[in-house]
1. Residues with amide H under 5 Å of Ile31's amide H, sequence separation 5 or more or different chain, H placed in the peptide plane at 1.01 Å from N; which?
2. How big is the gap, in Å, between the Cα center of segment 285-299 and the Cα center of segment 91-146?
3. If you place +1 on the Cβ of every Lys and Arg, -1 on the Cβ of every Asp and Glu, and leave all else neutral, what size is the dipole of segment 80-182 about its Cα centre, to the nearest 20 Debye?
4. Can you pull the Rg over Rh of the chain, Cα-only, Kirkwood?
5. Could you give the dipole magnitude of the chain about its Cα centre, charging the beta-carbon of Lys and Arg +1 and that of Asp and Glu -1, in debye to the nearest 20?
6. Looking at segment 15-146 from every direction and averaging, what is the projected area of its Cα convex hull in nm²?
7. Determine the relative contact order of the chain: mean sequence separation of Cα pairs under 8 Å and six or more apart, normalised by residue count, in whole percent.
8. Explain nothing, just the number: dipole magnitude of segment 4-168 about its Cα centre with +1 on each Lys and Arg Cβ and -1 on each Asp and Glu Cβ, in debye rounded to the nearest 20.
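Rule-based calculations on the coordinates, nothing more; no lab input. As the structure is a prediction and not an experimental result, all values here were calculated from the model. All Cβ positions, glycine included, derive from the backbone under ideal geometry; neighbour counts span all protein chains shown.
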Amino acid sequence: MSKILIIGAGGQIGTELVLELRKMKGNDTVIAADLSDECPVLIKNGPYVQMDVLDREFVRDYIISQQIDEVYLLAALLSATAEKHPDFAWKLNMEGLFSVLDLAKEKHIKKIFWPSSIAVFGATTPKVNTPQKTVMEPSTVYGISKQSGEGWCSYYFDNYGVDVRSIRYPGLISYKSLPGGGTTDYSVDIFYQAKLKSQYSCFLKEDTLLPMMFMEDAIRATIELMEAPSEKVKVRTSYNLAGISFTPAQIAQKIKLHLPDFEMSYTPDFRQKIADTWPGSIDDSQATKDWGWKERYTLESLVEVMLENVDVSLLDKDV
Ligand code: NAD
Ligand code: AKB
């Protein structure tokens, strides 16, 4: 059985990815790693190591000594936080990637998953059904780091045979853990505020169309891509995934069907400028063709599951 290390395991994606991989492969083979010295409550059912991905020597010694086969590298600053700390965002988002790519180049790791984002696209990209291959001129430090990372993944695959796989996730929506500083976070915040106060002040304009995805679909996509035979993985930059495209007004309207008193207001902030450069919808036919990708959730089913499961006490907890 492959030994798996997930770096950045305490975040929005990591929490659910750790739980799912442990269910599939056994608790002891999936090691969660994060900056925090406290293992998040939800992933206490297996091994945890405190790790700073920027500590190259520590990461290297750990991966070699523990004979890790696969690494999922999730540690990063997301779009909104990255704009506040551009130098550090560039450092964190790039240096960790080089550490694991180099370990794979030296044959210490067999397979890597590294997430990209719809943030690789920019204002000059076609906004409707954004193709897999198209103009990419990102305007945020986050988008620039993801576009560069994609280029390096492809370079290490072409030149050193490193088996690195990647997905350009849309905005991800989940209830097991909170989002970590992105432009799409409103699509999670809205459920907490709807349940808590029956009202939400959205930081994006009502007609801002963005692609989003329910976390269960995103985790399934990640694992399906990682389990696909290598020859089927034709894209070594990163795969487009479409998810569900909606605006703040459209999701608010769906929530109102369940909570008729819910009211939404709009107070756009600096994140509007970022959202305005991102696609409205994505063409993911390449992922479907290469490894059979198909999403399951619709906006209606996502809203239903979120309203049923969002636990407002999570807002006060350090999970
Ligand atoms: P998150 O912010 O929720 O979690 C990131 C985790 O990394 C946190 O637990 C944090 O403590 C940890 N971390 C930060 N610095 C670290 C360091 N130096 N060493 C070790 N761990 C560190 O992020 P997420 O939403 O889970 O995203 C994970 C990855 O997926 C990121 O690369 C992100 O860009 C990408 N992505 C996320 C989304 C989304 O909507 N969540 C969309 C597209 C791409
Ligand atoms: C963000 O908004 O920064 C993330 C992403 C789409 O990469 N959710």
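1. The list, which skips near neighbours in sequence, is Ile4, Leu5, Ile6.
2. So the two Cα centres are separated by 20 Å.
3. Numbers: 12 positive and 9 negative charges, 74 e Å.
Roughly 360 debye for segment 80-182.
4. Values: Rg = 18.8 Å, Rh = 19.8 Å.
Rg divided by Rh gives 0.95.
5. 620
6. Computing the convex hull of the Cα atoms and averaging its projections yields 9.5 nm².
7. Values: 635 pairs, mean separation 59.4, N = 319.
That works out to 19 percent.
8. Numbers: 17 positive and 21 negative charges, 119 e Å.
Once rounded to the nearest 20, the dipole reads 580 debye.
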